[in-house]
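Once you've had a glance at the structure underneath, I'll fire off some questions.
The values are calculated or read from the model by the stated rules, or taken from the named source; none is laboratory data. Computed from a predicted model, the values in this text were never measured in an experiment. We place every Cβ from the backbone using ideal geometry, glycine too, and count neighbours over all the protein chains shown.
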Amino acid sequence: MTSAANKRSVMTLFSNKSDIYCHQVRIVLAEKGVAYETENVDPQAVSEELMELNPYGSLPTLVDRDLVLYNSRIIMEYLDERFPHPPLMPVYPVDRGKKRLLMMRIEQDWYPTLEKAEKGTGAERTEALKHLKEEFLAIAPIFNQYSYFMNDEFGLVDCYIAPLLWKLKELGVEFTGAGSKALKGYMERIFTRDSFMQSIGSVAPKNLMDDK
């Protein structure tokens, strides 16, 4: 594992454009202004190099010199600690614990439903999209109080929600009725954010570290 990692002098992200967990990490990398290379991987044809680095062959996988990390949560928290500005997690342990709980709930409650919407057919797909739409509209009042999710500063929880909302947009979900205005305002803020635009390839990545 170490020898394979040592071959790379630049931070490298093994990623797939359509994978929601990879999207999370790309947003964080853009927020931090980190220079990195991307290896686009077909999940159905994992390379020998990736298997050598990560015995699970899972995405995303991050290589930073001798360090190899997999699991998007581990990668994102590592990046937030390694590149502390701008911070994406609260300073105080109690607040950090609350954010981690939110991320776990999003991953366990909403991401599997999205997978049903993407892979399901007919009634299963329709029901999954309906459920996610209702869930987001139910929490929409939050976005009248805060610019981002339960905070006026962009954070890791937003890095979980943004790719999910983007997927729903691609799947043709339209938010209407009570709460839709606040939710659409939030979507506008995150979708036009530089880091999000970089994460979907709408603008060229900028290495902000050069400015420091």
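On the basis of being under 24 Å from S18 (Cα atoms), of a type in the set (D, E), out of contact with any Phe, Trp or Tyr (no Cβ under 7 Å at 6 or more places or on another chain) and surrounded by fewer than 16 Cβ atoms within 10 Å (Cβ to Cβ), does E118 make the cut?
So E118 passes the test.
Here are S47, S72: which of them is over 14 Å from L29 (Cβ atoms) and either of a type outside the set (V, I, T) or under 18 Å from the mean Cα position of the chain (by Cα) (or both)?
Of the residues listed, the single one that is over 14 Å from L29 (Cβ atoms) and either of a type outside the set (V, I, T) or under 18 Å from the mean Cα position of the chain (by Cα) (or both) is S47.
Further, regarding this structure: Among the residues of the stretch 97-120, which ones are modelled with pLDDT of 95 or more and among the basic types (K, R)?
K98, K99, R100, R105, K116
Right, next: Is one or more of the residues making up the stretch 52-62 modelled with pLDDT of 95 or more, over 18 Å from the mean Cα position of the chain (by Cα) and hydrophobic (A, V, I, L, M, F, W, C)?
Yes, the stretch 52-62 has at least one match.
Another question, if that's okay. With respect to Y111, determine if the residue is in the same structural domain as I27 (by TED's automatic domain parsing), part of a helix (DSSP H, G or I), surrounded by fewer than 18 Cβ atoms within 10 Å (Cβ to Cβ) and in contact (Cβ under 8 Å) with a residue 12 or more places away in the chain.
In short, no.
Can you spot a residue in the stretch 125-143 that is surrounded by fewer than 16 Cβ atoms within 10 Å (Cβ to Cβ), under 18 Å from S18 (Cβ atoms) and in contact with a helix residue (DSSP H, G or I) (Cβ under 6 Å, 6 or more places away or on another chain)?
There is at least one residue in the stretch 125-143 that is surrounded by fewer than 16 Cβ atoms within 10 Å (Cβ to Cβ), under 18 Å from S18 (Cβ atoms) and in contact with a helix residue (DSSP H, G or I) (Cβ under 6 Å, 6 or more places away or on another chain).
Suppose we filter D42, D80, D19, D66 for residues that are of a type in the set (D, E), over 25 Å from I139 (Cβ atoms), out of contact with any Phe, Trp or Tyr (no Cβ under 8 Å at 6 or more places or on another chain) and touching a residue at least 40 places away in the same chain (Cβ under 8 Å); which single one remains?
When all the criteria are applied, what remains is D66.
For the subset of the stretch 8-29 comprising residues that are of a type in the set (A, V, I, L, M, F, W, C) and more than 29 Å from K116 (Cβ to Cβ), which member is surrounded by the most Cβ atoms within 10 Å (Cβ to Cβ)?
M11
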